[in-house]
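Enquirer: One structure follows; several queries about it will come next.
The values are calculated or read from the model by the stated rules, or taken from the named source; none is laboratory data. Note that the structure is predicted; figures quoted are calculated from it, not measured. Every residue, glycine as well, gets a Cβ built from its backbone with ideal geometry; the counts of neighbours run over all protein chains shown. Heads up: the accessible areas ignore ligands, DNA and RNA and are worked out on the full protein's heavy atoms, side chains in. Shrake-Rupley method; radii C 1.70, N 1.55, O 1.52, S 1.80 Å.
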Amino acid sequence: MIVVAAGAALAVLVVERHLHDPSGRTFRIGFQQSLPDQAVGPGGTPAGPAIEIVQEAARRRNIHLQWVLMPGGPESAMSSGAVDLWPIFGELRERAGRFFISKPWSNQRFWLLVAAGSDIRSPGQIAGRILALRVPGTAESVAREFLPGAHILRRNSVADATGDVCAGQADGALISERGGRSVVVDLPPACEGKAFRYIALGNVLIHFGIGASLRNPNAKWAAESLRDEMSNLSRDGTISSAYFSWVKQSTDDTLTIDLIEEARRRSVLLAVAFFLVVVIAAVVGWQNKRLHATRRRAEDAAASATRAAAVKSEFLANMSHEIRTPMNGIMGTCELLLETPLNSEQAEYGGTILSSARALLEILNDILDVSKIESGRMEIHPEPFDLHEMLANVAVLLGPRATQQGIGFDVHVAPDVRRHYIGDPVRVRQVLLNLAANAVKFTAQGRVAVSVAPAFGPSVRFTVEDTGIGIAPAAQVALFQKFTQADASTTRKYGGTGLGLAISKQLVELMGGSIGLASKEGFGSRFYFDLPLIPTEAAAAPAAAPAAAPVQRNFAGERVLIAEDNAVNQKLLRRMLERRGCVVEVACNGREAVAFALLRSYALILMDCQMPEMDGFEATRRVRAALGDYAPPIVAVTARAMSQDRQDCLQAGMADHLVKPLSAASVDAILERWLTPFTEPETPRIHAAAT
């Protein structure tokens with residue numbers, strides 16, 4: 001029933017959008033003299049940056065506009081039905097329910113201007129006094145809503161209102177601010193030599209969208225369509241250029257509004273993903289307790305997503321760190337769960353949790369890659385590698401998925417391509433896997449082909465070609481931008497963050513190459529990238545033999561101190577070490593860790609870097625200072641994965657670096673490196689005497 005209802009609702013929405021499609025229609029749109037956004041040009045023609053921006057959006061959306069000069073302002077014009085739209089219309093309480101206002105594309109602050117010697121120190125003190133402001137415009141509505149009790153003196157310009165303050169005819173004037181700077185005014189003679197004070201109206205920020213008359217239902221759809229197009233105008237610089245041309249300010253509130261909205265939307269999606277992981281973990285824990293009466297249950301390890309204030313590299317790095325810590329609890333606990341005796345149904349649930357968590361970790365790694373690239377911390381490490389082995393690995397990873405979808409997956413290497421090259425094999429493989437995985441995902445029938453051939457000069461061209469859905473020409477322009485996919489329906493149907501291609505482009509360029517595509521909607525796509533790889537005689541090491549099943553080593557009797565404040569991670573790491581025979585003690589913060597290390601002897605200390613009272617860096621320095629050469633190896637356990645983070649740990653005196661989320665393999669590698677495995681005494685052999 002839910003599916004049927006959702007389908008019916010979607011059908012109604014599609015039909016409604018078709019009926020109200022504003023393309024090709026003509027709408028009356030009002031304007032007035034309201035600098036700096038609107039102006040009345042020669043002969044009563046519309047002018048100003050807001051007019052220019054709305055006209056360009058209408059041209060791109062094939063919406064016809066008939067401009068009508070309305071000196072009385074937007075409210076009377078749209079209420080009477082004289083116009084259908086207004087280009088820039090403030091969201092005020094008194095307008096709610098009377099007009100439709102699109103998503104904002106501009107913001108405006110207001111200030112209270114008073115004489116330097118005035119006794120007015122706060123906005124509330126203007127009540128009962130004379131407040132001068134410009135009409136028509138938004139200022140009078142703002143005054144009624146946020147400065148109640150003021151006696152309003154209506155003036156024709158901001159300069160006139162300012163002059164009233166200088167002449168003592170008004171106690172204050174209300175002026176507006178655009179783009180971080182107040183509206184430029186020519187001060188009247190009465191203000192010569194006068195000083196002013198500016199009083200902020202608290203957190204008053206008025207959002208401006210495109211206003212629409214409720215008399216014309218199609219006007220709402222036209223306003224929304226124009227606002228949607230303004231996002232494109234913001235990205236290609238049209239809005240900044242328009243404002244700079246008119247008022248010498250390259251302001252663009254639309255871009256800021258869109259970025260904040262996108263960040264909030266992705267925070268909500270991430271929170272939902274965490275919620276689903278927690279629910280699945282809870283179900284598995286309940287089943288395990290009911291059937292086997294074990295003590296284990298999955299810990300609630302989801303954390304609230306960081307509220308995005310700006311999409312910058314430091315924000316992305318911090319977000320990645322905050323999420324990796326609870327992910328460590330989810331993935332590690334799940335690995336421990338899968339090592340216990342489970343029936344087939346429980347094993348399936350556990351495998352689902354682990355695969356979902358790994359998929360989420362891939363998204364986090366994409367975000368961290370963006371952060372590294374934007375902050376200049378991404379490093380390329382050239383080394384010899386086997387190209388054939390890399391291609392075989394890609395085929396092994398993606399071939400079964402393609403077969404499951406009923407499509408072919410081919411790999412071809414041109415005869416004149418060498419086998420061994422010098423480059424960064426990790427990043428080359430990352431780009432190739434991303435392109436090939438996208439091709440498989442977007443191909444429902446036919447095949448996906450990966451090929452390698454010589455390019456110009458010393459470069460090698462990698463090509464991924466598919467017979468999938470293809471990409472429209474308009475969408476190809478922005479395809480390599482972050483958080484971008486061909487269209488909204490692609491995200492809904494196929495999923496994805498819109499980061500993979502952006503990261504691939506930046507990685508290819510960091511390696512000195514270039515990336516491109518050729519595609520036709522409905523006929524497939526061809527992605528390619530050229531890299532300046534250096535041919536070499538042989539790879540650094542021969543191809544590895546098939547990996548044997550991992551053997552869990554025994555470190556019986558080795559004393560290990562865990563310094564960790566997170567209860568979930570304490571339990572996880574303790575259980576991993578105890579399963580490997582270690583004797584484990586836990587310190588809940590850096591101060592306790594120092595005390596334990598000075599009182600007892602340990603073979604190894606696993607030190608979390610971020611703890612209350614004293615962090616892991618300071619604790620390490622104190623242990624090293626106190627014990628000197630007798631200090632045990634101290635390994636950093638941290639959610640920060642950048643190369644600089646590793647250097648910070650080593651400089652603090654730590655011997656190694658273990659990145660969350662932890663896996664059984666990564667813990668085993670650390671123990672193998674710093675501890676001595678327990679070996680069973682060899683049973684003496686008895687040799688038969690010769691006869």
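Enquirer: Once R0 is set to 22 Å, what does the formula 1/(1 + (r/R0)^6) return for the Cβ-Cβ distance between Ser79 and Arg154, expressed as a FRET efficiency to the nearest 0.05?
Expert: With R0 = 22 Å, the Cβ-Cβ based efficiency is 0.65.
Enquirer: Separate question: Accessible area per residue of region 155-278 at 1.4 Å probe, in Å²?
Expert: 49 Å²
Enquirer: Please give the contour-minus-distance gain from Asn343 to Arg559: 0.36 nm per residue of separation, less the Cα-Cα distance, rounded to one decimal in nm.
Expert: That pair, Asn343 and Arg559, stretches by 74.3 nm at full extension.
Enquirer: Would you pull out the residues with amide H under 5 Å of Val637's amide H, same chain only if 5 or more places away, H placed 1.01 Å from N?
Expert: Residues meeting the amide H criterion: Met607, Asp608, Cys609, Leu658.
Enquirer: Another question, if that's okay. Given R₀ = 45 Å, what would the calculated FRET efficiency be for Ala127 paired with Val268, taking r from the Cβ atoms and rounding to 0.05?
Expert: E(calc), rounded to 0.05, equals 0.65.
Enquirer: Calculate the tail of P(r) for region 415-481: the fraction of all Cα-Cα distances greater than 14 Å, expressed in %.
Expert: The proportion of pairs with Cα distances above 14 Å equals 68 percent.
Enquirer: Cα-Cα over 31 Å: which of Lys441/Lys571; Lys103/Lys660; Lys103/Lys248; Lys505/Lys660; Lys220/Lys520; Lys520/Lys660?
Expert: Pairs exceeding the cut-off: Lys441/Lys571; Lys103/Lys660; Lys220/Lys520; Lys520/Lys660.
Enquirer: Express the carbon and sulfur contribution to the solvent-accessible surface of region 67-136 as a percent, rounded to the nearest whole number, probe 1.4 angstrom.
Expert: Here it works out to 55 percent.
Enquirer: Report, to one decimal in Å, the Kirkwood hydrodynamic radius for region 28-109 based on all distinct Cα pairs.
Expert: Kirkwood radius, region 28-109: 13.3 Å.
Enquirer: Follow-up. Quick one: which residues, 5 or more positions from Ser157 or on another chain, have an amide H under 5 Å from its amide H? H modelled 1.01 Å from N in the peptide plane, none for Pro or chain starts.
Expert: Val135
Enquirer: OK, next. Under the Kirkwood approximation for Rh and a Cα-based Rg, what ratio Rg/Rh is obtained for region 588-657?
Expert: That ratio equals 0.94.
Enquirer: So in region 121-245, what percent of DSSP beta bridges are antiparallel if you round to the nearest 5?
Expert: 20 percent
Enquirer: Now, a different point. With a 1.4 Å probe and every protein chain left in place, work out the accessible area per residue of region 61-122 in Å², rounded to a whole number.
Expert: Per residue, region 61-122 has an accessible area of 42 Å².
Enquirer: Here's something else I'd like to know. Please report the antiparallel percentage of DSSP beta bridges with both residues in region 59-174, rounded to the nearest 5.
Expert: 20 percent
Enquirer: A further question follows. Counting Lys and Arg as +1 and Asp and Glu as -1, each charge on the Cβ, what is the dipole of region 549-678 about the Cα centre in debye, to the nearest 20?
Expert: Using Cβ point charges on Lys, Arg, Asp and Glu, region 549-678 gives about 280 debye.
Enquirer: In addition: Take the Cβ-Cβ distance between Leu205 and Asp21 as r, set R0 to 30 Å, and report the resulting FRET efficiency rounded to the nearest 0.05.
Expert: The computed FRET efficiency comes out at 0.35.
Enquirer: Please turn the phi angles of region 266-281 into ³J(HN,Hα) values with the Karplus equation 6.51 cos²θ - 1.76 cosθ + 1.60 (θ = phi - 60°), one per residue in order, whole Hz, x for glycine and proline.
Expert: For region 266-281, the Karplus curve yields 6, 5, 5, 4, 5, 5, 5, 4, 4, 4, 5, 4, 5, 4, 4, 4 Hz.
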